[in-house]
1. Count charges around Tyr2 for me, please; just the other residues with Cβ under 10 Å from its Cβ, Lys/Arg as +1, Asp/Glu as -1.
2. Would you look at the GNM of the chain, springs on alpha carbons closer than 10 Å, and say which of Val22, Val143, Val59 moves the most?
3. Compute the long axis of helix 219-235 from its Cα atoms, compare it with the longest principal axis of the Cα atoms of the chain, and write down the angle in degrees, 0 to 90, nearest 10.
4. Count the DSSP beta bridges whose two residues both fall in the chain, then state the antiparallel fraction as a percent rounded to the nearest 5.
5. Using just the helices of the chain, give the 222 nm mean residue ellipticity in deg cm²/dmol: DSSP H runs with n ≥ 4 each add -39,500 (n - 2.57), and the total is spread over all residues, rounded to 500.
6. Tell me the net charge near Asp185. Cut-off is 13 Å between Cβ atoms, Asp185 excluded, with +1 for each Lys or Arg and -1 for each Asp or Glu.
7. Using r as the Cβ-Cβ distance of Asp185 and Ser113, and R0 as 41 Å, what FRET efficiency do you calculate, to the nearest 0.05?
8. Quick one: what are the phi-derived ³J(HN,Hα) couplings along the stretch 81-92, Karplus 6.51/-1.76/1.60 with θ = phi - 60°, whole Hz, x for glycine and proline?
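The values are calculated or read from the model by the stated rules, or taken from the named source; none is laboratory data. Just so it is clear, the structure is predicted and the values come from calculations on it, not from any experiment. Here the Cβ positions follow ideal geometry from the backbone for every residue, glycine too, while neighbour counts run over all protein chains shown. What goes into the accessible areas is simple: the full protein's heavy atoms, side chains included, and nothing from ligands, DNA or RNA. Shrake-Rupley method; radii C 1.70, N 1.55, O 1.52, S 1.80 Å.
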Amino acid sequence: MYLGVDEAGKGPALGPMVAAAVVADPASLPADVDDSKRIAPARREEMAAALRGGPDVAVGVARVEPAEIDRPDTDMNTLTVRGQARAVRAALADLSSGVAEPVRVVADAGDTSEERFARRLREFVEGGGENEPPADGESLSSVDVTAAHGADGDDPVVGAASVVAKVVRDAAMAAIDAEYADYDDLGSGYPSDPATRAFLAAYVGDHGTLPDCARESWSTCEDALAAAEQSALDEF
């Protein structure tokens, strides 16, 4: 058994980023486990439910909300490390029998440098990381972290984590969509999605501010505010 970790929703302008970690023996995982983007939504949900209910699998999830993403004292690489570290610690806490050290962790690298991401993730998991104390004041003395780009497609346990993260992220977006039911469609939340851009423009036009689900520091959101301000000036 070892631990795989990945995140979903790093790039969207709406909603949280979700990190998930799975502790499992690859042999115990579904044969079709893969990068979540390659799995149909219905199958992803089935797989995530099976993983959460599996007696030999532990799962941990961490959400990084827009308010934390927008903080001026951080960046997405750090937030990705922090979210993955929280998920790792949550998965380890979900283990009924504990885990022998050194803890082996395989991560989908959220940085251009795989080595740097692995080092930072190890530091965050072992000691809590920058400005984040370890859970319950405890720390892990030995964590062996390997990070690689594309690990969610190459490693089955990281793929399982990718599936869990994507399902939780999709559920979060469905809840946000229901919260803003007065608007036609929020879209995927990604900056390139015309539906997402139309939602932001309509909401800002109605309220003069961004919705709580928006990442205010994203240029897509800043553009929506600027366009509304310019429209108001033109009308004046």
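1. Overall, the nearby charge balance is -2.
2. Val143
3. Roughly 10 degrees between the two axes.
4. Antiparallel bridges make up about 60 percent of those DSSP assigns within the chain.
5. -15000 deg cm²/dmol
6. Value of the local net charge: -3.
7. Plugging the Cβ-Cβ distance into 1/(1 + (r/R0)^6) gives 0.65.
8. For the stretch 81-92, the Karplus-derived couplings read 4, 4, x, 5, 5, 4, 5, 4, 5, 5, 5, 5 Hz, x marking Gly and Pro.
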